[in-house]
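The structure under discussion appears below in the form of structure tokens.
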Number of protein chains: 2
Amino acid sequence: MSDSKIRNMDDFASVSGISRPTISKYFNDADSVRKSTRERIEKALARYDYQPNFYAMNQNRRLTKNVGIVIPYMSDPFFAEIARNVENHIIAAGFRPIVLGSQGNPEQEIENLNNLRLLKPAGVLLAPLGRMSDSERIAAFCTEVPTVLFDANIENVGEAFIGSDNNQSIGLIVEYLCRTGEPPAFFEMRKPTNPNALKRRNAYVNSMERSGHKPHLIQVEGEGWDFEEIGFREGSRVLADRTLPTDTILCSNDRLAIGLLSAAYQLGLQVGLGENCALRIAGHDDHPFSRYTCPTLTTVSQDYTSIAKKSAETLFSLIETEQRAQSRETTLFDGRLVMRGSA
Amino acid sequence: MSDSKIRNMDDFASVSGISRPTISKYFNDADSVRKSTRERIEKALARYDYQPNFYAMNQNRRLTKNVGIVIPYMSDPFFAEIARNVENHIIAAGFRPIVLGSQGNPEQEIENLNNLRLLKPAGVLLAPLGRMSDSERIAAFCTEVPTVLFDANIENVGEAFIGSDNNQSIGLIVEYLCRTGEPPAFFEMRKPTNPNALKRRNAYVNSMERSGHKPHLIQVEGEGWDFEEIGFREGSRVLADRTLPTDTILCSNDRLAIGLLSAAYQLGLQVGLGENCALRIAGHDDHPFSRYTCPTLTTVSQDYTSIAKKSAETLFSLIETEQRAQSRETTLFDGRLVMRGSA
DNA sequence: AGTCCATATTTACGCGCGTAAATTATTAAT
DNA sequence: ATTAATAATTTACGCGCGTAAATATGGACT
């Protein structure tokens, strides 16, 4: 295989018989060297499995092909899924994605941005935590690195925002629920961590009033990101009380709905559309798990694909033009009704 | 707040009136400088919010306080949970955790190790992918960096292995199921990706035979890590066939069980212990979601806490003694029966 | 005041790489 | 063969920091 260990680019330059600056050039852009040179390098690369030190590279380059992706929660399948989507676009465009999760912690979010800055990224795609986020420091970061926000908006921070049209999506499912049964109550956290939650609350109220129904907010207590637990605990309480003015509950997101479904099951309440069902439950987001709940969860899917694509494209155009956006544009995609068993 | 931007340690040394090497020493170990000096540094730190370049630090140090944690899948709540647990121990011991997920991809797993190596970690805690893993390259990595394996074993790789005693845990739940109803069939993937799955299969067969029952393996097709989908799809098929010789199914892990529960629900099969139940389903792992399934999932919990603690401690002792383990020790923790609604 | 030890500073070099400028070699075309 | 264009090499420096050795400084003590 290999002779002595290749420890750095100098070593590799020696064994391949090509000067270090040329090797450096090759790794920067393989097509920027003569074809015969490229072949010699690649032959040597096959013999000695050298690869340049990623961090040392980034330390010296003005700008790299790195693109950061920061999401609020790594272990939330919803964010994992959208991050994977964005990642694919980044790779396809010849960039290198670096995904970081903030674990619901605003300090971690800032640290993620700090660490990214050291890698001299060409740009960053950021889905901020929301209410908890240290928006001042995020704004400061955005002045240094071209940043596109997605999923959750922070007013006037970043070059653009791409997300879902909560008005449309909530309107869609409220209309559906009203049309097929009793008008829904809205199940949410009293102090939601996410700006989307507030938008959805307002959208619900507006949508209900527009169709002449009285809105009914079920605002439960709970902190943090353990939404299933909150949905279950508070859902159990609310359902046991039997003070609901309706048999239909629309949850602010699928994870709350998953907890609520579990609570309903344990109280012996049949959920779904049938005659012998006591309750209808709907969610929002089309969480990967929502197709395995019992019954499967009726929800509104966010347009993952479009959000990911548009976010990436917006960032790429910023990177190419090497200038900031003249005006901060907001793009909202429509949700799609996903009818399943629960409502 | 601050005057001109502090760009590096030199700048910060100037404004704080202390020499750069002393600053460097402070950041390495705050107690290694005189108290009065420390106070001066920290006063300057409050004024100018400088922090050293993480990657430049690691480039030059022989050894750092970094500890890598590599898990097979970031968005699997089970691994997310155990990683969080390990992380806390690392922080408590004054080290800096760096968590990386391999997304089920063996190449990503190797790349994660490569990237970690560049950060000169004091040690690494690795939960390998299993069958898919490039065990040769992992072994090569382990000769360079002290590495402790957990969750999934690779024979003779790394300094130690800490995991669950699948024999004990499967024995426990098989015994429970036999005692409280019909002996279980075992639902698993025909070609599991994880070595634990194979151990569990054998443990099931042994356990059944020991108590005089005929084992029955349901080995379903399916690749990858989308276990819920496989559990649902193949579960639907198996249940619809109605060729099962028993009404009790033990799944190789909770994620399969979650899919299977969903399949049973959709086929109108009542799952649980009651007289009018057609099926009992049990899992393994005590996945965070297993308490929200309908019905809640009876399972065996792995001793997260102990595995995380022991893994971290084993690594710390390796780091302290600065030498490799004389012999590769394997530590297995007992599982605990978690009785819920499904069996 | 003088001694000693701990701590701080100065100086100088190294890590693995990017990059610019000047020089030399190669290639393709005239 | 000469020329011009292109590519490669040499040389030299910089990035942000660690670290070692020599030197200088401060405080506690006799």
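Bear in mind these aren't lab numbers, they're just calculated from the coordinates by the rules spelled out. As the structure is a prediction and not an experimental result, all values here were calculated from the model. Note: ideal-geometry Cβ built from the backbone for every residue, glycine included; neighbour counts use all protein chains shown.
The table below gives the values:
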{"item": "Cα gyration tensor, the range B:166-301 - rounded (a/c under 1.5), prolate or oblate", "result": "rounded"}
{"item": "Loop-located trypsin sites (Lys or Arg not before Pro) in the range A:79-166, at most 16 other Cβ atoms within 10 Å (DSSP)", "result": "A:131"}
{"item": "Environment charge of residue A:182, counting only residues whose C-beta is closer than 13 Å and scoring Lys/Arg +1, Asp/Glu -1", "result": "+2"}
{"item": "Amide H partners (placed H, <5 Å) of residue B:217, local residues excluded", "result": "B:186"}
{"item": "5 angstrom amide H check on residue A:338, placed H, neighbours 5+ away", "result": "A:299, A:300, A:301"}
{"item": "Cα long-axis angle, helix A:254-266 against chain A (0 to 90 degrees, to the nearest 10)", "result": "40"}
{"item": "Cα gyration tensor, the protein assembly as shown - rounded (a/c under 1.5), prolate or oblate", "result": "oblate"}
{"item": "Cα gyration tensor shape of chain A, rounded if a/c is under 1.5, else prolate or oblate by comparing a/b with b/c", "result": "prolate"}
{"item": "Copy-to-copy label separations for residue A:111, where each label sits 7 Å from Cα toward Cβ, in nm and ascending", "result": "2.4"}
{"item": "Lysines whose Cα lies under 30 Å from that of residue B:35, excluding same-chain neighbours fewer than 8 positions away", "result": "B:5, B:25, B:43, B:65, B:120"}
{"item": "Using a 7 Å Cα-to-Cβ projection, residue A:25 label spacings across copies, nm, ascending", "result": "4.5"}
{"item": "From phi via Karplus (6.51, -1.76, 1.60), per-residue ³J(HN,Hα) for the range B:214-223 in Hz, x at Gly/Pro", "result": "8, x, 9, 8, 9, 9, 9, 7, x, 10"}
{"item": "Peptide-level mean, for A:226-239, of C-beta atoms on other protein chains within 10 Å", "result": "1"}
{"item": "Relative contact order %, chain B, counting alpha carbon pairs below 8 Å whose residues are six or more apart", "result": "15"}
{"item": "Residues of type lysines that residue B:199 reaches as a straight line, Cα spacing below 28 Å, ignoring anything fewer than 8 places off in the same chain", "result": "B:191, B:214, B:309, B:310"}
{"item": "Helix-only CD estimate at 222 nm, as mean residue ellipticity for chain B, using -39500 (n - 2.57) per DSSP H run (n ≥ 4)", "result": "-14000 deg cm²/dmol"}
{"item": "Under 5 Å, built H, 5+ apart or other chain: amide partners of residue A:226", "result": "none"}
{"item": "Position residue B:326, label points 7 Å along Cα→Cβ, spacing to each other copy in nm (shortest first, one decimal)", "result": "7.6"}
{"item": "Residue with peak Gaussian network fluctuation, chain B [Cα springs, cutoff 10 Å], from B:110, B:18, B:281", "result": "B:18"}
{"item": "Using alpha-carbon coordinates, inclination of helix A:135-144 to the longest axis of chain A, degrees", "result": "30"}
{"item": "Selection of GluC sites (Glu not before Pro), the range B:121-224, meeting DSSP coil and at most 13 other Cβ within 10 Å", "result": "B:155, B:221, B:223"}
{"item": "Folded to 0 to 90 degrees: helix A:106-118 orientation relative to chain A principal axis, Cα", "result": "20"}
{"item": "Highest-fluctuation residue, A:244, A:45, A:269 considered, GNM on chain A with Cα pairs under 10 Å", "result": "A:45"}
{"item": "Trypsin sites (Lys or Arg not before Pro) restricted to the range A:208-289 and DSSP loop, no more than 11 other C-beta within 10 Å", "result": "A:242"}
